[in-house]
Amino acid sequence: MKIWMGKPSSEYYNEVVGGYEMVYQLGNHAIVFNYEEEEDLIDFTSIY
């Protein structure tokens, strides 16, 4: 995903969901990719 979209706005471990979140801010909206381990496949995506 990083190759296609570039550097994320933020990337961190979220203890609430038990995995990592990679956030891309797009104006007033965001695309959030969630995955369990670093370099793992994306488990789910949220669009806000």
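Taking N as the residue count of the chain, its C-alpha radius of gyration divided by 2.2 N^0.38 Å amounts to 1.07. Within the accessible surface of the chain, defined with a 1.4 Å probe on protein heavy atoms only, the carbon and sulfur portion equals 53 percent.
Using 0.36 nm times the number of residues separating D43 and L26, minus their current alpha carbon distance, what extension gain do you get?
Numbers: separation 17, 0.36 × 17 = 6.12 nm, distance 2.10 nm.
Taking D43 through L26 to full extension adds about 4.0 nm, to one decimal.
Among the GluC sites (Glu not before Pro) in the chain, those placed in a DSSP loop whose Cβ has at most 16 other Cβ atoms within 10 Å are E15, E36, E37, E38, E39.
The values are calculated or read from the model by the stated rules, or taken from the named source; none is laboratory data. Computed from a predicted model, the values in this text were never measured in an experiment. Don't worry about glycine lacking a Cβ; one is built from the backbone with ideal geometry, like all the others, and counts go over all protein chains shown. For the accessible areas, the whole protein counts, side chains as well, though only heavy atoms, and no ligand, DNA or RNA atoms are used. Shrake-Rupley method; radii C 1.70, N 1.55, O 1.52, S 1.80 Å.
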